[in-house]
1. Examine the range 253-269 for a residue that is modelled with pLDDT of 85 or more and within 11 Å of the chain's Cα centre (by Cα), and state whether such a residue exists.
2. Could you tell me how many of the residues in the range 329-345 are surrounded by 14 or more Cβ atoms within 10 Å (Cβ to Cβ) and over 12 Å from His300 (Cα atoms)?
3. Restricting to the range 390-435, and then to whatever is closer than 23 Å to Glu376 by Cα and among the basic types (Lys, Arg), can you tell me which residue is surrounded by the most Cβ atoms within 10 Å (Cβ to Cβ)?
4. Spot the failing condition for Lys365; the list is (1) assigned by TED's automatic domain parsing to the domain that holds Ala219; (2) at negative phi, and only one is missed.
5. List the number of the failed condition for Asp303; all other conditions in (1) among the charged types (D, E, K, R); (2) modelled with pLDDT of 95 or more; (3) within 12 Å of Ala219 (Cα to Cα) hold.
6. Output the residues belonging to the range 77-99 that are farther than 24 Å from Thr43 by Cβ and over 30 Å from the mean Cα position of the chain (by Cα).
7. State whether one or more residues within the range 41-49 are over 25 Å from the mean Cα position of the chain (by Cα) and either buried (at least 17 other Cβ atoms within 10 Å of the Cβ) or under 21 Å from Tyr140 (Cβ atoms) (or both).
8. Would you confirm whether or not the range 374-389 contains a residue that is farther than 22 Å from Arg330 by Cβ, outside any strand (DSSP E or B) and not assigned by TED's automatic domain parsing to the domain that holds Pro260?
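The values are calculated or read from the model by the stated rules, or taken from the named source; none is laboratory data. Note that the structure is predicted; figures quoted are calculated from it, not measured. Here the Cβ is made from the backbone with ideal geometry for all residues, glycine too, and neighbour counts use every protein chain on show.
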Amino acid sequence: MPDYIISDTGPERAYLVGASERGSRPLLSVDDSLNELALLADTAGMLVVGRATQNLNRIDPATYIGAGKVEEILAAVTAADAEVVIFDDELSPRHQRELEKRFGEAIKILDRSALILDIFAQHANTREGALQVELAQYEYRLPRLTRQWTHLARQSGGAAGRGGTGGVGLRGPGETQLEVDRREIRRRISKLRQEIEQVRMHRSRHRSQRERAGVTLVALVGYTNAGKSTLLRALTGADVYIANQLFATLDPTTRRVELPTGRSVLLTDTVGFIQKLPTTLIVAFRATLEEITQADLLLHVVDVTHPNVLQHIETVEDTLAEIDMPSVPRVLVWNKMDLWGNNPLPPLPEDGDYIAQVAVSAEKKLGMNDLLSAIETALASTMYRVKLLLPFERGDLVSYLYETASVESNQSTEEGVLLGVQMPAALYQRFKSYQVTR
């Protein structure tokens, strides 16, 4: 199986290929998409030495771009001394096999999905992340397995290297090495799914405890490198890894943040999105992405300076729809305003259901108070406003409500402490028996 992990001996020289099919309406132009692919290649440790584009009436069933274009690119790749050719779209197993044959064994053929999987493998720092990436890698590679890709024991690096497939055992009567490898991959996929399901169940139990406690969850979402981790650090002081590269962080980070009224909420950051995100990754990371679907509020962080910012917003919205994101309030956070100056903001997307927009600079910690106020206002739209009568001896509940809800009034009566409170639905269910109508 080819090793997608970049060698320590120096950066691989990469040649990029993009195709545009007539009649299609991609979010990004072929040139803009190739610019993004170049950033991905750089993140993976490669050196981009050239690129080519092709306009197609239809995708060629054998070579994707047509035999003539393959010969043209092969000549350019040879002249540029490139070692790997990266296609900007996911190649079918047939395309992969045919292109490997045409380009020869000396040149590796990758597609955008394989490159993203490689980056995820390099950046998965927890066992959960490693499991999810390894599953996505195997599910991507299984239909592409050929005799050139065996033996599995040759594989090294990445999530698979850490999890380890090891040797594959003895062959049965009449079995080819290819059949043995396929069986071993299917066995490994099954085991990984079981382990990830255990992770999902653990998250579910933790989430149930949080919901019983009535803790509000605010999730950061956004295109990769929009500044979500920087914003998390600016709001909470969290010690999180920050780098100016795509997919710098994969593993979820959750921290507590205090709103202007003194109420605390949990703020969680997960993996960034990107156009053409491999389906295998979305499926593998579903346990992690479920954190987003359980949020009471979404903060959609965007890089206002990016020329394709509106397309990035649409990509994130499409991905949220793909993971069945419920309808919850959303705040659009225009980040990197320190680089934007006094230019007018781009138009607010019409179909994004955003209830507010805030301009900030996470790097310079500008606009943080405005953002916290917007969070509070947005959450108030989902709150129950109730009167609660608590016994004097339950001072612990009074203190708890001050920490987790928005207490608007506090009055001592003969029967107990009368509180006017705004609280989320989960917390309301817990305190419903204390509600009064006075």
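1. Yes, there is a match, as at least one residue in the range 253-269 is modelled with pLDDT of 85 or more and within 11 Å of the chain's Cα centre (by Cα).
2. First pass over the range 329-345, keeping only residues surrounded by 14 or more Cβ atoms within 10 Å (Cβ to Cβ): 329-338, 340.
Subsequent filtering for residues that are over 12 Å from His300 (Cα atoms) retains 336-338, 340.
Final tally of qualifying residues: 4.
3. Arg430
4. Answer for Lys365: the failing condition is (2).
5. Tallying (1) among the charged types (D, E, K, R); (2) modelled with pLDDT of 95 or more; (3) within 12 Å of Ala219 (Cα to Cα), Asp303 fails exactly one: (3).
6. Listed by number, the residues that qualify are Thr78, Ala79, Glu98.
7. Looking only at the range 41-49, we keep the residues that are over 25 Å from the mean Cα position of the chain (by Cα), and these are 49.
Restricting the remaining residues to those that are either buried (at least 17 other Cβ atoms within 10 Å of the Cβ) or under 21 Å from Tyr140 (Cβ atoms) (or both) gives 49.
So far as the range 41-49 goes, yes, one or more of its residues are over 25 Å from the mean Cα position of the chain (by Cα) and either buried (at least 17 other Cβ atoms within 10 Å of the Cβ) or under 21 Å from Tyr140 (Cβ atoms) (or both).
8. no
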